[in-house]
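Heads up: the structure comes next, in structure tokens.
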Amino acid sequence: MRTAIRLALPALAGLLTFSAQSQGTYPNRPITLVVPFAAGGAFDVVARLTAKEVGKELKQPVVVDNKPGAGGVLGGKLVSLAKPDGYTMLLSGVGPISIAPAVYRKMDYSPSKVLAPVLQLTSSPFVLATSTQFKGSSVQDFVSYLKASPNAYNYASTGNGTLVHLAGEYFKTLTGTEFVHVPFTGGAPATTSMIAGETLFSITNIPNVRSQIEAGKLKGLATTGLRRSAAFPQLPTVSEAGIAQFDLTGWIGIFVPTGTPAPVVAKLQAAYEKAMRDPELKERLNQQGDEVATGSTSDFAEFLARNERQWHDIAAAAKVTID
């Protein structure tokens, strides 16, 4: 036994030395950043803007790899199965991380268990946008308009079980209004339906409707965060407009497989924090309705726990489930 231990000790020492050296020299090859949505969308834009800056800081390329499918769930699963060494990251958001576990009856992995948070990058308030057939000018006017004719008007979402769908259900619960949910296959057709007057309103991502609101084809009534949006500073928040407790934002953050060494996570956090301080990057993000988030890895973890509970409660109250 003593002989076996004596023979094993050099190998163990070598393994520990190798592990320490690997972490100390991290990264020494390109890093893959998985985006669980198609190229060209808001997530992809944030991924590519930040990847360039983070690559400079880490002195290794950060390669964006789009893996769309199942509403962003597929990309998350792929990253969860990757080796936890810091060379595979995920850029994801509220839909795949917080909403999917709340609405899918069958989901073969739990994001909170298999993905570890690195840093929240952005916070993205939504906007309450209406068709121009609504002639009022305030959120309170709009609530009265809906209450006068229960279930007479259509609400446009970007699909069943999406953040936009549940935002409407959240609004319904807090205002005591009733309307008909009409799901579309994305932001563009949902927006077109409002312009055509087929649907009355949506609580949706700012990029989906910003140009149409600015052109007068749609009306923006309020944004959904706790403070006014840089994209629409003239609009009140829904909470300011009289619907207390209304706080609804999208977000984007970086994740790695659970088990990734803490020094590696810390190095990634520091690189992304520095990237997010770049003035040009901030301006680009503001243009698409994203605001730079602040906080540490632990702050992000605490936020995620609250966010998951919030969406679980909203989905349960609205009885939204997807097979």
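The values are calculated or read from the model by the stated rules, or taken from the named source; none is laboratory data. Being a predicted model, the structure only gives us computed values, none of them experimental. Cβ: placed from backbone, ideal geometry, glycine included. Neighbour counts: every protein chain shown. In case anyone asks, the SASA skips ligands and DNA or RNA and just uses the protein heavy atoms, side chains included. Shrake-Rupley method; radii C 1.70, N 1.55, O 1.52, S 1.80 Å.
Quick test of your reading of the structure: ASN307 fulfils all but one of (1) among the polar types (S, T, N, Q); (2) touching a residue at least 40 places away in the same chain (Cβ under 8 Å); (3) within 22 Å of LEU58 (Cβ to Cβ). Name the failing condition by number.
Only one criterion in (1) among the polar types (S, T, N, Q); (2) touching a residue at least 40 places away in the same chain (Cβ under 8 Å); (3) within 22 Å of LEU58 (Cβ to Cβ) is unmet by ASN307, namely (3).
Of the residues that sit in the range 231-270 and are small (Gly, Ala, Ser) and under 18 Å from the mean Cα position of the chain (by Cα), which one is nearest to SER98 (Cα to Cα)?
Initially, the range 231-270 is screened for residues small (Gly, Ala, Ser), giving 231, 239, 241-242, 244, 250, 253, 259, 262, 266, 270.
After this cut, where a residue has to be under 18 Å from the mean Cα position of the chain (by Cα) as well, the list is 231, 250, 253.
Working: ALA231: 25, GLY250: 10, GLY253: 12 Å.
In this case the residue turns out to be GLY250.
Kindly provide the set of residues from the range 127-137 that are open to solvent by 40 Å² or more (accessible area, probe 1.4 Å) and either small (Gly, Ala, Ser) or touching a Pro at 6+ places or on another chain (Cβ under 8 Å) (or both), ordered by number. Please lay out each step first, then the result.
Filtering the range 127-137 for residues open to solvent by 40 Å² or more (accessible area, probe 1.4 Å) gives 132-133, 135, 137.
Selection gives SER137 alone.
Run GLY197 past the list (1) modelled with pLDDT of 95 or more; (2) under 18 Å from the mean Cα position of the chain (by Cα) and report the number of the one that doesn't hold.
Only one criterion in (1) modelled with pLDDT of 95 or more; (2) under 18 Å from the mean Cα position of the chain (by Cα) is unmet by GLY197, namely (2).
Pick from ARG284, ARG306: which is more than 15 Å from the chain's Cα centre (by Cα) and in a helix (DSSP H, G or I)? Write out each step before concluding.
Details: ARG306 fails: more than 15 Å from the chain's Cα centre (by Cα).
Only one candidate passes the filter, namely ARG284.
Could you check, for the range 158-174, whether at least one of its residues is more than 23 Å from the chain's Cα centre (by Cα), without any contact (Cβ under 8 Å) to a residue 40 or more places away in the chain, closer than 24 Å to TYR104 by Cα and open to solvent by less than 60 Å² (accessible area, probe 1.4 Å)?
No, there is no match, as no residue in the range 158-174 is more than 23 Å from the chain's Cα centre (by Cα), without any contact (Cβ under 8 Å) to a residue 40 or more places away in the chain, closer than 24 Å to TYR104 by Cα and open to solvent by less than 60 Å² (accessible area, probe 1.4 Å).
When the range 103-122 is examined, which residues are found to be touching a residue at least 60 places away in the same chain (Cβ under 8 Å), under 23 Å from THR158 (Cβ atoms) and surrounded by fewer than 21 Cβ atoms within 10 Å (Cβ to Cβ)?
Result: TYR104, ARG105, LYS106.
With respect to ASP247, is the statement that it is over 21 Å from GLU169 (Cα atoms), open to solvent by less than 60 Å² (accessible area, probe 1.4 Å) and modelled with pLDDT under 95 true?
Values: over 21 Å from GLU169 (Cα atoms): no; open to solvent by less than 60 Å² (accessible area, probe 1.4 Å): yes; modelled with pLDDT under 95: yes.
For ASP247, the condition - over 21 Å from GLU169 (Cα atoms), open to solvent by less than 60 Å² (accessible area, probe 1.4 Å) and modelled with pLDDT under 95 - is not met.
Could you list, in sequence order, the residues of the range 174-193 that are assigned to a helix (DSSP H, G or I), under 27 Å from PRO68 (Cα atoms) and touching a helix residue (DSSP H, G or I) at 6+ places or on another chain (Cβ under 8 Å)?
So the first thing to find is which residues in the range 174-193 are assigned to a helix (DSSP H, G or I), and the list is 174-175, 187-193.
Now drop any that are not under 27 Å from PRO68 (Cα atoms), which leaves 187-193.
Of everything in the range 174-193, those that are assigned to a helix (DSSP H, G or I), under 27 Å from PRO68 (Cα atoms) and touching a helix residue (DSSP H, G or I) at 6+ places or on another chain (Cβ under 8 Å) turn out to be GLY187, ALA188, ALA190, THR191.
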